[in-house]
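Okay, so here's the structure we're looking at.
The values are calculated or read from the model by the stated rules, or taken from the named source; none is laboratory data. Note that the coordinates shown come from a computational prediction; the quantities given were computed from them, not determined experimentally. Backbone-built Cβ (ideal geometry, glycine too); neighbour counts: all protein chains shown.
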């Protein structure tokens, strides 16, 4: 059964049980009314804000990771220097 046939059968059943007006209300309107639907422009604006926030957070995390790696490199250099000094005096 095609989706259109299912919708027609459902509408007929609703009309029989609840009446034509109630069936139209249930079948033709989104929940909350037409004003509750989101437009493409609203979605684009929301995604643009999310994109900016994502890039800002990603940039901050990248800098944190770079600082962590630089710190780890410093520790490795100090450790190698300490091992070299210990071997020289051994």
Point to revise | Long-range neighbours under 9 Å by Cβ, at least six apart or interchain, first residue over 14 Å from residue 10 (Cβ atoms) within the stretch 21-43, second modelled with pLDDT under 80 and in a loop (DSSP other than H, G, I, E, B) | key: 36/30; 37/30
Study note, to complete from the structure: Of the conditions (1) surrounded by 10 or more Cβ atoms within 10 Å (Cβ to Cβ); (2) more than 18 Å from the chain's Cα centre (by Cα); (3) outside the structural domain of residue 3 (by TED's automatic domain parsing), the single one that residue 24 does not satisfy is (3)
